[in-house]
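Only one structure is covered here, and it is reproduced in the block below.
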Amino acid sequence: MSKQIQRLTGMHDVLPDERRYWDTISRAAEEVTRRFGFQRIDTPILEATELFARGVGEGSDFFVQKEMYTIVEADGSSITLRPEFTAGFVRAYISNGLHNWSQPVKLYTIGPSFRRERPQAGRLRQHSQFNCEIMGEEDPAADVEVMMVAMSLYRELGFKGLVFQLNSTGCPVCKPGYIRELVAFLDNHYDRLADIDKERLTKNPLRVLDSKAPGMEALLAGAPHIADYLCDDCREHFADVRSLLDVLGQSYTINFRLVRGIDYYTKTVFEVWQEGIGAQAALCGGGRYDGLSEDIGGPPTPGVGFGSGIERVMLGMKEQGIEPAAATPLPILVAHFGGATKTAAVRLVYRLRDAGIGARLAFARGSRSLKSQMREADHHGARYVLILGEDEITRGVVAVKPLVEGEQQSQVALDEIVGWLAERITS
RNA sequence: GCGGGUGUGGUGUAGGGGUUAACACGUCUGGUUGUGGCCCAGAAGAUCGUGGGUUCAAAUCCCACCACUCGCCCCA
């Protein structure tokens, strides 16, 4: 006996019932991006390892080894299952010469990405993401545009009470100065830091702002705010973003503790939070990454975008009681009694399908009770059962049994059944 | 990598050392000769996560491992 093969840790099967959420989300995403003028792009799931090992920066090389799915090929080259989308986007932008298109270029995609981490609520090893980016544009209105794509998506889906978190993380000009100030402040309160935060202080001090350790709330309230250290360019950009959001009536919370772990972010960073979906409360996260293109060997190109995890949005929908559209049932089931009737049934089913009418064939080796075929039809929500028995065949008709109330059973000539049904079935 | 919780038919649960592991839902088949839902009857389906140990006896107690789950770390 072979051992049963089980699902890999952190990998989920999406069964039809769950899949309805996925469909609803991706349809909404497509609708919103259409209104905003974004075009779809699909980049490979596998990329050269250095693409990801590079763009993410020094402070966060931990996951490079530990959390990426990396394969070393026979020729020694190293390739990696994408752990994020932005780097691949930018690579595609460069590889395909999109910088020669009329700028900016507005793109989106939906697909899987992979991180080898411990699963928890809203965090899987394979997760799907809706990603949306604007390349080649410095205008703060572009920052606002991607934010509004996200907010419009959630609004379209029916979300309520989301919290829009906004911050500026500065740029290579002003960020280092801020970090120095922050480190100085934290050093002064070193004994009040948790062990983990002491460690972060040396490795990636900005992350201390994100600390969940008890007592940090109070301590960090007195910490320097980045807003006070931004250079003129960054300050102006941040102010423009905020005033545009004000113009649009889009509320937001300035959260100076909002830091994204990856170094490539410049200026704008934002997240949208929903309470109640676990410790991972962000439905999406994104920001501006003006230096990323150069980091991976491309021309200097500003960019701004965000990613939103489908599974997390799904959790959010469940939490808020948002129901996805029900699957549309197949309207017809064709029943038969075996032998010659089955041949006729098979022929009929394909005639219907060719005519664009959804039809299910009652499978059976030999004959099968009509009762059981009726039950199958009912189970799948069919509207009509087309019954083909010996009688019908000899008379060249089909018995039409409606499963919805108020309609009478009737007989229709086999030659006319397609037209007869087409008149009655909308789908 | 670390910590908490949980593992009993497909799903949700009951049972907490003693012979055929219970219930509900679901599935399937019947309730006369070719007609669904409701109802009724019946059936299939579980080596009680895996492996060790204690015991005359383990689903039940102990240990380990594994998986799931929640959280930490990290967060693209």
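The values are calculated or read from the model by the stated rules, or taken from the named source; none is laboratory data. The structure presented is a predicted model; accordingly, all values stated were derived computationally and were not measured. Here the Cβ is made from the backbone with ideal geometry for all residues, glycine too, and neighbour counts use every protein chain on show.
Each row is one residue, and each column tells you yes or no for (1) at positive phi; (2) at pLDDT below 90; (3) away from RNA strand B (no atom under 14 Å from the Cβ); (4) of a type in the set (A, V, I, L, M, F, W, C).
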site	(1), (2), (3), (4)
A:Arg7	no, yes, no, no
A:Ala28	no, no, yes, yes
A:Arg35	no, no, yes, no
A:Ala53	no, yes, no, yes
A:Gly57	yes, yes, no, no
A:Val64	no, yes, no, yes
A:Met68	no, no, no, yes
A:Val90	no, no, no, yes
A:Pro104	no, no, yes, no
Which numbered condition A:Ser369 fails, given (1) touching a residue at least 12 places away in the same chain (Cβ under 8 Å); (2) under 20 Å from A:Lys342 (Cα atoms); (3) near RNA strand B (Cβ under 8 Å from one of its atoms): (1)
Exactly one of A:Ala355, A:Ala344, A:Ala377 is surrounded by 18 or more Cβ atoms within 10 Å (Cβ to Cβ), farther than 18 Å from A:Val397 by Cα and among the small types (Gly, Ala, Ser), and that one is A:Ala377
Out of (1) in a loop (DSSP other than H, G, I, E, B); (2) touching a Pro at 6+ places or on another chain (Cβ under 7 Å), what's the single condition that is false for A:Gly161? (2)
Just one of the numbered conditions (1) assigned to a helix (DSSP H, G or I); (2) touching a helix residue (DSSP H, G or I) at 6+ places or on another chain (Cβ under 7 Å); (3) away from RNA strand B (no atom under 12 Å from the Cβ) is not true of A:Ile357; which one? (1)
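Residue-by-condition table, conditions (1) charged (D, E, K, R); (2) within 16 Å of RNA strand B (Cβ to nearest atom); (3) over 26 Å from A:Gln280 (Cα atoms):
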{"residue": "A:Gly177", "(1), (2), (3)": "no, no, yes"}
{"residue": "A:Glu181", "(1), (2), (3)": "yes, no, yes"}
{"residue": "A:Asp197", "(1), (2), (3)": "yes, yes, no"}
{"residue": "A:Lys212", "(1), (2), (3)": "yes, yes, no"}
{"residue": "A:Arg235", "(1), (2), (3)": "yes, no, yes"}
{"residue": "A:Gly249", "(1), (2), (3)": "no, no, yes"}
{"residue": "A:Val259", "(1), (2), (3)": "no, yes, no"}
Across (1) small (Gly, Ala, Ser); (2) more than 14 Å from RNA strand B (Cβ to nearest atom); (3) more than 25 Å from A:Pro140 (Cβ to Cβ), A:Ala239 clears everything bar (3)
Quick one: which of A:Glu199, A:Glu294, A:Glu271, A:Glu217 is free of Cβ contacts under 8 Å to residues at least 24 places away in the same chain and in the same structural domain as A:His99 (by TED's automatic domain parsing)? A:Glu294
Give all pairs with beta carbons closer than 9 Å in which a residue from region A:327-346 that is farther than 30 Å from A:Thr24 by Cα meets a residue that is away from RNA strand B (no atom under 14 Å from the Cβ) and of a type in the set (S, T, N, Q); count only pairs at least 6 apart in sequence or on separate chains. A:His336/A:Thr343
Can you tell me which residue within region A:388-427, out of those that are touching a helix residue (DSSP H, G or I) at 6+ places or on another chain (Cβ under 7 Å) and within 11 Å of RNA strand B (Cβ to nearest atom), is farthest from A:Phe337 (Cα to Cα)? A:Leu403
